[in-house]
Structure formats: structure tokens, C-alpha cells
Amino acid sequence: MTRLMENNVNPTGANLRSSDGLGTERARGSFVVNVCSNLAYIGAQTVTTLWLTPFLIGYLGIAAFGITSLANSIVSYMSILTTALYSAVS
């Protein structure tokens, strides 16, 4: 056990040295992948919203679309209120 710690290896076999740079390269690669996937998600969400809004207005009508938006806003506010009350109580 002592010999393992002297060689900078823990009992599971993982290297304890942080100066080798392998962890930094892996983290940088994960960061780039995460940024690209987030940008792709934002792009897909924008395209979907720009297509779906006129479609729903044409299909439902302006009044029904407005009621749908109002209902979504009320549900969002109630979700925030529920989370805040739950945090305050527990």
C-alpha cells in the first residue's frame, strides 16, 4: 500500500499525478464537445420555434394560440413558486 502511494498510484490503479496533462486534455475535449452540442441544441430550438409558431397560429388561430401561451406562462410561474415554497419548507 505504501509503495503504491509512493509511485503516485492509488489502490484502484488510477494515476494520482495531476502534472501529466492527460486530465486537462480530456477535460478540454469534453468542453469542446459540450459547447458544440449546446450550440446545436440552441440552433434546433430556434429553428423549431420559428417554424412552429406560424404553424400553430395558422392551425389554432390567434386567440387559441394566445391562450396556449398564457397557459404555458402560468404553468411556468407555478413551477417556480412550487420550487421556492418547497425550498423554504424543507
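The values are calculated or read from the model by the stated rules, or taken from the named source; none is laboratory data. Because the structure is predicted, anything quoted here is derived from the model rather than measured. Quick reminder, even Gly has a Cβ in these numbers, built from the backbone with ideal geometry, and neighbours come from all protein chains shown.
Would you mind finding the one in Gly43, Gly66 that is at pLDDT below 95, out of contact with any strand residue (DSSP E or B) (no Cβ under 8 Å at 6 or more places or on another chain) and surrounded by 10 or more Cβ atoms within 10 Å (Cβ to Cβ)?
On the way: Gly43 fails: at pLDDT below 95.
One residue alone meets the criteria, Gly66.
Give me a count of the residues in the range 28-40 that are of a type in the set (Ser, Thr, Tyr) and modelled with pLDDT under 95.
The total comes to 1.
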Residue under question is Tyr77, and the condition is that it be of a type in the set (Phe, Trp, Tyr) and at pLDDT below 95; does it hold?
no
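From the list Thr82, Thr53, exactly one residue is surrounded by 10 or more Cβ atoms within 10 Å (Cβ to Cβ), at pLDDT 95 or above and in a helix (DSSP H, G or I). Which is it? Quick ask: steps written out before the conclusion?
Working: Thr53 fails: at pLDDT 95 or above.
Just one listed residue meets the conditions, Thr82.
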